[in-house]
Amino acid sequence: MIRVFQIVVLAYLIFCLAGCAEPEKEPIWETVKIGDLAPSYGDKPPQTELLKTINFDLHIFEVPADNIDKLDDIWRMLYIRPLRFNDYRAFGENSFLARFGQIQRWDKIQELLLAADAQLITKVALFLSDGQAQTITVIGLDSPRTVFFTSISGSREGANIGPGILALRVKAQTIPGFRGVCDFNAHPVFSVPIKSAVPQLADRVKFREFPFISAAFGLNMSPGDFVMLGPKEYISDQTDLCGLFFSNPQGSLFFSKTKRKPMERKPTVRIFVLVCTRINY
């Protein structure tokens, strides 16, 4: 009888404890919004801090080499005045062209590119930290070679490069006292794309780099501004800086305008358009 009484009492206690337990709660992720997880700022409203970068969109087009004259209408629409050059004469003698434009003219530029049978082959978003350089591969070099170019002194010189990459190196930095404006600079460079945590190896790789500073240019840019870079002429010679940087003698496939012919492979030239999209500083 005592044992039965103990069992009844124990069952009663368990029932009471269960009745006092807190009701089951919903999982926190079903009731809490992302904004509720933001840190508290007292009386100040919470603010989202943007990643501090200078943003660009890079568009690379290929145009049939025999249509290069059709680009003249585009070059005439754009401006040279905002651009700075290490040496304007050497830049031109290397057969490089650079012009400045604003986004309001982009629709017309695209129309003229289409008329020249341009094909967009690459579009890349660039996020540059203030003063940071970024290297954009243009063509890979699988063997050593000598590339000839006009130097700032005006002489014709040869650079022994390869294997590695010929690239466009871009850099942007803010201008103190000028909000929403950056100082943008670019130049072709030969580089060896090897990253190493060993300082000695990194220094050795950097020592092998060759910047073609006679083809460097810069300008101040704000969101909506763009710069277009291309060749003055088609040069098929792959030992010439302009030919190697802009030309693709092996060519790409293009549709016939009449659609009555099969796709045809044509030698091409590359056109680079860099658009400043945002300055988060």
Subject >> Net charge over other residues, Cβ less than 10 angstrom from the Cβ of residue 134 (K, R count +1; D, E count -1) >> reply: +2
Subject >> Top positive-direction residue, dipole computed over segment 54-279 with Cβ charges, set 127, 165, 221 >> reply: 127
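Just add up the charged neighbours of residue 72: K/R +1, D/E -1, any other residue whose Cβ is under 13 Å from the Cβ of residue 72. Don't skip to the end; give the middle numbers.
Values: positive: 70, 76, 99, 232; negative: 69, 73, 233.
Net of charged neighbours comes to +1.
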Original post:
Under a plain spin-label model, where a point goes 7 Å from the Cα along Cα-to-Cβ, how far apart in nm are residue 238 and residue 142?
Top reply: 1.0
**OP:** May I ask you to compute the full-extension gain from residue 175 to residue 122, defined as 0.36 nm times their residue separation minus their alpha-carbon distance, rounded to one decimal in nm?
**Re:** 16.1 nm
**OP:** Pop out the ³J(HN,Hα) list for segment 226-243 in order, Karplus 6.51 cos²θ - 1.76 cosθ + 1.60 with θ = phi - 60°, rounded to Hz; leave Gly and Pro as x.
**Re:** 9, 10, 10, 10, x, x, 5, 8, 7, 10, 7, 5, 7, 9, 9, 4, 4, x
Subject >> Sequence-distant residues sharing a close amide H with residue 121 (under 5 Å, placed H) >> reply: 60, 61, 62
Original post:
Can you give me the Cα centroid spacing of segment 85-154 and segment 221-258 in angstrom?
Top reply: 8
Subject >> Cα-projected label distance for residue 57 with residue 210, points at 7 Å along beta-carbon direction, nm >> reply: 3.6
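Count the net charge of all other residues whose Cβ sits under 11 Å from the Cβ of residue 241, scoring Lys and Arg as +1 and Asp and Glu as -1.
Details: positive: 156; negative: 93, 157, 237, 240.
Local net charge: -3.
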**OP:** With θ set to phi - 60°, apply the Karplus curve 6.51 cos²θ - 1.76 cosθ + 1.60 along segment 110-115 and write out the HN-Hα couplings as whole Hz, x wherever there is a Gly or Pro.
**Re:** 4, 4, 6, 5, 4, 5
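Full extension from residue 220 to residue 278: what is 0.36 nm times the residue separation minus their Cα-Cα distance, to one decimal in nm? Display every interim value, and only then the final one.
Numbers: separation 58, 0.36 × 58 = 20.88 nm, distance 1.35 nm.
Residue separation times 0.36 nm, minus the Cα-Cα distance, leaves 19.5 nm.
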Subject >> Amide H contacts of residue 169 (H built 1.01 Å from N, under 5 Å, at least 5 apart or other chain) >> reply: 136, 187, 189
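The numbers here are math on the coordinates, done by the rules we state, and not lab data. These numbers come from a predicted model, not from an experiment. Using ideal geometry, Cβ is built from the backbone for each residue, glycine included, and neighbour counts are taken over all protein chains shown.
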